[in-house]
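Enquirer: Below are the structure tokens for one structure; questions will follow.
The values are calculated or read from the model by the stated rules, or taken from the named source; none is laboratory data. Everything numeric in this text was worked out from a predicted model, so none of it was measured. Ideal geometry is used to build each Cβ from the backbone, glycine not excepted, and the neighbour counts take in all protein chains shown.
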Amino acid sequence: MRNDEEAGPEAGAPWTRRAVLETLGATGLAALAGGAHAAVDATPLRFGLTPVFLDSDTHLLGALERYLSGRLARPVLLAKRRTYQEITTLLVTGQLDAAWICGFPYIQFRSQLALVAAPLYEGKPLYRSYVIVQAADPVTGVEGLRGQVHAFSDPDSNSGFLVTRHLLAARQETPASFFRRSFFTYGHRNVVRAVASGLAQSGSVDGYVWDVMSEAEPDLIGRTRVLVRSEPLGFPPIACQAVRLGSPLVRELREAFLGMDGDPAGREVLRLLRLDGFTGADPSLYDGIAALYDAVRAAS
């Protein structure tokens with residue numbers, strides 16, 4: 001399985017024969033073992049993952065790769081990068097077939113991207129952004145964060161940057177004017193770790209990630225608490241280039257995600273993700289994020 005930074009193309013670099021052959025070796029048997037598919041198509045699905053994904057769990061990544069390769073009867077290359085921008089660039093330029101991205105990059109490139117599917121979390125394709133602080137911090141509101149050191153996830157993250165940027169814009173403030181210092185951790189788990197360890201006094205994080213971590217890493221989460229919860233917003237979607245939406249591969253990928261809850265291997269992926277399934281998504285699902293973005297730009 002190749003799911004680290006070597007698992008996909010570097011910006012502008014072609015997929016190598018070696019990468020395809022290695023992936024065929026890792027996934028071909030899984031596809032053939034199902035018995036329901038014809039011979040494996042040698043053309044890989046190039047699928048991107050941003051840090052919004054719970055990427056520290058290699059078991060989860062392996063389960064996702066096996067499920068998709070089995071359903072699509074082709075090898076799957078999982079491409080991961082450190083920043084949202086890198087994955088979005090690969091997607092917009094056609095170097096990925098699809099990617100699990102954030103709603104913020106989607107609305108920034110909505111003329112070039114199309115929605116494939118959206119996750120269902122607690123029965124809805126919605127999630128929240130959290131502003132977290134250290135558990136012992138007595139602060140009771142946003143104003144109490146003034147002058148603190150704050151950890152953001154990524155400059156292209158909705159929950160890890162845009163929502164808090166909007167909170168500050170409503171007060172005619174920016175991160176530079178409001179916080180003593182702020183920095184990007186390039187991962188929601190890293191935001192939690194930064195706050196829990198005292199490297200930051202507060203942070204902006206994906207509420208879904210924080211909730212899942214509360215089950216998986218309760219001791220770490222116990223050193224933080226949620227100060228602010230945003231309104232529900234569109235959950236980070238699966239997206240593709242708009243021109244590829246009607247292609248056979250993308251149609252098959254959409255069916256694979258929408259049918260995940262009806263397949264034993266798919267249900268294992270959902271269990272690991274703590275998701276209920278996937279659903280079709282209308283662009284209007286992300287109007288709330290677009291409104292935040294418009295408000296922040298207007299205040300700049």
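Enquirer: How many residues are touching a residue at least 40 places away in the same chain (Cβ under 8 Å) and under 17 Å from Pro232 (Cβ atoms) when one looks only at the stretch 275-286?
Expert: 8
Enquirer: Among the residues of the stretch 246-253, are any out of contact with any Pro (no Cβ under 7 Å at 6 or more places or on another chain), acidic (Asp, Glu) and either crowded, with 17+ Cβ neighbours inside 10 Å or outside the structural domain of Ser204 (by TED's automatic domain parsing) (or both)?
Expert: Yes, some residue in the stretch 246-253 is out of contact with any Pro (no Cβ under 7 Å at 6 or more places or on another chain), acidic (Asp, Glu) and either crowded, with 17+ Cβ neighbours inside 10 Å or outside the structural domain of Ser204 (by TED's automatic domain parsing) (or both).
Enquirer: Can I ask one more? Can Arg274 be described as surrounded by fewer than 17 Cβ atoms within 10 Å (Cβ to Cβ) and at positive phi?
Expert: yes
Enquirer: Specify which of the listed residues (Gly160, Gly203) is crowded, with 24+ Cβ neighbours inside 10 Å and over 22 Å from Gln108 (Cα atoms). Please lay out each step first, then the result.
Expert: Working: Gly160 fails: over 22 Å from Gln108 (Cα atoms).
It is Gly203.
Enquirer: State whether the residues of the stretch 239-248 include one that is under 15 Å from the mean Cα position of the chain (by Cα) and under 29 Å from Arg66 (Cβ atoms).
Expert: yes
Residue by residue, here is whether (1) in contact with a strand residue (DSSP E or B) (Cβ under 6 Å, 6 or more places away or on another chain); (2) of a type outside the set (D, E, K, R) holds:
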{"residue": "Cys240", "(1), (2)": "yes, yes"}
{"residue": "Leu249", "(1), (2)": "no, yes"}
{"residue": "Arg267", "(1), (2)": "no, no"}
{"residue": "Leu275", "(1), (2)": "yes, yes"}
{"residue": "Ser284", "(1), (2)": "no, yes"}
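Enquirer: Additional query: Looking at the stretch 175-195, is at least one residue in a helix (DSSP H, G or I), assigned by TED's automatic domain parsing to the domain that holds Pro44 and without any contact (Cβ under 8 Å) to a residue 12 or more places away in the chain?
Expert: no
One line per residue, one yes/no per condition, for (1) of a type in the set (A, V, I, L, M, F, W, C); (2) assigned to a strand (DSSP E or B):
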| site | (1), (2) |
| --- | --- |
| Ile107 | yes, no |
| Arg110 | no, no |
| Val116 | yes, yes |
| Leu120 | yes, yes |
| Ile132 | yes, yes |
| Ala136 | yes, no |
| Thr140 | no, no |
| Glu143 | no, no |
| Gly147 | no, no |
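This table checks each residue for (1) in contact with a Phe, Trp or Tyr (Cβ under 7 Å, 6 or more places away or on another chain); (2) surrounded by fewer than 24 Cβ atoms within 10 Å (Cβ to Cβ); (3) not acidic (Asp, Glu).
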{"site": "Leu72", "(1), (2), (3)": "no, yes, yes"}
{"site": "Pro75", "(1), (2), (3)": "no, no, yes"}
{"site": "Ile87", "(1), (2), (3)": "no, no, yes"}
{"site": "Leu91", "(1), (2), (3)": "no, no, yes"}
{"site": "Trp100", "(1), (2), (3)": "yes, yes, yes"}
{"site": "Pro105", "(1), (2), (3)": "yes, no, yes"}
{"site": "Arg110", "(1), (2), (3)": "no, yes, yes"}
{"site": "Pro138", "(1), (2), (3)": "no, yes, yes"}
{"site": "Asp154", "(1), (2), (3)": "yes, no, no"}
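Enquirer: On the basis of being among the small types (Gly, Ala, Ser) and buried (at least 19 other Cβ atoms within 10 Å of the Cβ), does Ala239 make the cut?
Expert: yes
Enquirer: Being in contact (Cβ under 8 Å) with a residue 24 or more places away in the chain and either part of a loop (DSSP other than H, G, I, E, B) or outside the structural domain of Ser202 (by TED's automatic domain parsing) (or both) is the requirement here; does Leu220 meet it?
Expert: No, not satisfied.
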